[in-house]
Amino acid sequence: MHVVHVLAGDEEGGLENHVVQLANHLVQLGINVSVAAHAKYEKRFSADVNVVPVDLSRSRNNPLALFEAARALQAIQADIVHAHASKAAAIVSRLSSWAPGKTVATVHSVKRKTRAFESMDALIGVSQGVLRAINHDKKYVVFNGLVRGKAEQVEPASLRAQLGIDDDLPVSLAVGRLVSVKRFDRLIRAWKPYFGHLLIVGDGPEKRHLESEIRKRNLQRVVRLLGYIDNARSLMSGADLLICSSEREGFSYTLAEALVSKLPVLSTRVAGAEEVLPGAFVVEHKDCSLQQGIERCLSDLERLNTDYEPVFTWASKHLTVENMAAETCAAYRDIMAAA
């Protein structure tokens, strides 16, 4: 089976990492893998992956980009054309009459415009939530997976020493780009000094607003914006709780990293979290609900970790890139069998 992955863009983030890791592991399962993507990604793929440089960072309606994509797909002659996210799906949809093979798209986040996805032969969602609003009769759910291996860890005592924390109050983490959809403003409003320390990792346009919110509530001693940290996962071994306050998600890699790191998670009701976390640890999108959830989690850390043991065990088996590749491969075979 020959599969070509189509990646439209030139950014560096979770989507790009997802495609690289998936392609590199699919070849280990005996799949012939090609990738049509920007040349900048070529060195990130294994030598067994055939990378065809195509610059799709231009508009999805750019005639030259569409021509180059069509030419690449015709040359590759894959059995399955796998588009990642809405832009790539829109391009593949427009080229479906020129490109041979079944068309598949991975839906990485909740979308309002779903037309391009509905034209695919099959869809793969990173959670049930991202697929819920899309009208399609062939849908598969494959959760995001992480590369196995022991991540760098910062022990609790070391984390406290680095940050000058000289008390025994709990330490909670929140990780993500400082943008409005992450709702860190709600998290700050919900925070009480007796909850302990809140470390927000990330950078972005909301930074000044969040700093203002922290000052307004006199929380400077317990709430800190740490900025961007390259390996935020390393902090998880030193924390007591990860908090996701987002308005919406697809399936957060931060959520997966926390569960694999055996860090309990409290989340608002978003796709992914509502599917893998126990119901008691998923709260509504309200300041009071988030505040009550935080208090419940931090009031008994021993019980919190005990409650999470089955989730940690499940995550260690299912939230791996090997499992992600195996389930994607199974979906491919099912799609081809129905051809």
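Laid out as a table, the results:
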item: Residue under evaluation residue 306, criteria (1) part of a helix (DSSP H, G or I); (2) under 15 Å from residue 143 (Cβ atoms); (3) not charged (D, E, K, R), criterion not met; result: (2)
item: Elements of type helices (runs of 4 or more DSSP H) contained in the range 56-169, each with 2 or more residues being closer than 23 Å to residue 326 by Cα; result: 85-95, 128-131
item: Residues located in the range 179-201, provided they are buried (at least 22 other Cβ atoms within 10 Å of the Cβ), part of a loop (DSSP other than H, G, I, E, B) and of a type outside the set (D, E, K, R); result: 191
item: Residues (out of contact with any Asp or Glu (no Cβ under 8 Å at 6 or more places or on another chain), more than 17 Å from residue 332 (Cα to Cα) and part of a loop (DSSP other than H, G, I, E, B)) located in the range 20-55; result: 45, 46, 47, 48, 49
item: Residues that are surrounded by fewer than 17 Cβ atoms within 10 Å (Cβ to Cβ) and out of contact with any Phe, Trp or Tyr (no Cβ under 8 Å at 6 or more places or on another chain), drawn from the range 202-223; result: 204, 205, 207, 208, 209, 211, 212, 215, 216, 218, 220, 221
item: Residue in the range 298-309 that is more than 17 Å from residue 186 (Cβ to Cβ), in contact with a Cys (Cβ under 6 Å, 6 or more places away or on another chain) and either touching a residue at least 60 places away in the same chain (Cβ under 8 Å) or not polar (S, T, N, Q) (or both) present; result: yes
item: Filtered residues of the range 1-25 (kept if over 19 Å from the mean Cα position of the chain (by Cα) and either crowded, with 18+ Cβ neighbours inside 10 Å or not hydrophobic (A, V, I, L, M, F, W, C) (or both)); result: 2, 3, 4
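No value in this document is a laboratory result; all are computed from the given coordinates. Computed from a prediction, not measured in an experiment: that's the story for all the values here. Cβ: placed from backbone, ideal geometry, glycine included. Neighbour counts: every protein chain shown.
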